[in-house]
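Colleague: If you scroll down you'll find the structure; I have some questions about it.
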Amino acid sequence: MRLYVLIQVLSGLFSGLKSLGIQLAMRALAAVIRKKLFHSMIAIDINYFDAMHTGQLTSRLTNDAG
C-alpha cells in the first residue's frame with residue numbers, strides 16, 4: 001500500500017512538473033512572437049496606421065500572436 005501511494009505521489013509530481021515546463025515554454029514562445037510582431041509593426045509606413053483603427057492593432061498584437 002505504501003508503495004502504491006508513493007508511486008501515485010511521484011506520478012502526480014512529475015505530471016505537474018511536465019505541465020509547468022510546457023506552460024513556461026509556451027509563454028516564452030508567445031513572448032518571442034509578440035516581440036517580433038511588434039518590431040515588424042514599427043517598421044511599417046505611418047500611412048498604414050492612419051488607416052487602421054486602434055482596436056484592430058491591439059487585437060492583432062494580443063489575439064493573433066496567440
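The values are calculated or read from the model by the stated rules, or taken from the named source; none is laboratory data. This is a predicted model, so every value here is computed, not measured.
Colleague: Output the number of residues of the range 19-66 satisfying the condition of being at pLDDT below 85, under 19 Å from the mean Cα position of the chain (by Cα) and polar (S, T, N, Q).
Modeller: Counting residues in the range 19-66 that are at pLDDT below 85, under 19 Å from the mean Cα position of the chain (by Cα) and polar (S, T, N, Q) gives 4.
Colleague: If I filter the range 1-18 for residues that are modelled with pLDDT under 90, in a helix (DSSP H, G or I), among the aliphatic types (A, V, I, L, M) and under 24 Å from the mean Cα position of the chain (by Cα), do I get at least one hit?
Modeller: no
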